[in-house]
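Heads up, the thing below is written out as structure tokens.
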Amino acid sequence: MDKNILQEYVDACELMKETEKEIIKLNQKKGTIIQTSVKGSMQEFPYIEQRFKVQGTALTMEEDRSLRQKEKILERRKAEAGRIKDQVEEWMLSIPARMQRIIKYRYLEELPWAQVAAKMGRRATENSVKKEFERFIRNS
């Protein structure tokens, strides 16, 4: 596992959120229902007036098919991002707790090294925490 996979993790998490929002927008488009009322009467006596409610979507068959296809693509994108996220989270369970904290602060919360050192406490400095992380990545 290398440092790049941590950046992929951050991107995968963001991609999952963005994709979920896009799926919601698509479903809102598909769910838009138009309704109207019409009235008419029988052609012969007695001329009884009747009212009818008509409803449906504003989408053509082609537009509906296109939206469904886009939704499938978005679902696949979300699943792939989820796979990357799960892979990194599984790896994180196998590393020491201190390194998990460093990675969490630096990559997930995107804090600068100085703030990571402050959160780590125990006289940690910006350079010491950064070097500790670099050694860990180089040796893993």
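Annotations for the structure displayed:
- Checking each residue in region 1-56 for being β-branched (Val, Ile, Thr), assigned to a helix (DSSP H, G or I) and out of contact with any Phe, Trp or Tyr (no Cβ under 7 Å at 6 or more places or on another chain) picks out Ile5, Thr19, Ile23, Ile24.
- Some residue of region 90-99 being open to solvent by 100 Å² or more (accessible area, probe 1.4 Å), over 30 Å from Arg135 (Cβ atoms) and not aliphatic (A, V, I, L, M): no
- In region 107-133, the residues that are assigned to a helix (DSSP H, G or I), at pLDDT below 90 and either over 21 Å from Glu14 (Cβ atoms) or open to solvent by 70 Å² or more (accessible area, probe 1.4 Å) (or both): Leu108
- When Glu80 is tested against (1) open to solvent by 90 Å² or more (accessible area, probe 1.4 Å); (2) under 14 Å from the mean Cα position of the chain (by Cα), exactly one condition is not met: (1).
- Ser94 vs. criteria under 30 Å from Glu20 (Cβ atoms) and more than 21 Å from the chain's Cα centre (by Cα): yes
- Checking the stated criteria, Glu89 turns out not to satisfy the condition of being charged (D, E, K, R), closer than 28 Å to Met16 by Cα and outside any helix (DSSP H, G or I).
The values are calculated or read from the model by the stated rules, or taken from the named source; none is laboratory data. Note that the structure is a prediction, hence the values are computed from the model and not measured. We place every Cβ from the backbone using ideal geometry, glycine too, and count neighbours over all the protein chains shown. Just the protein is used for accessible areas: all its heavy atoms, side chains included, with ligands, DNA and RNA removed. Shrake-Rupley method; radii C 1.70, N 1.55, O 1.52, S 1.80 Å.
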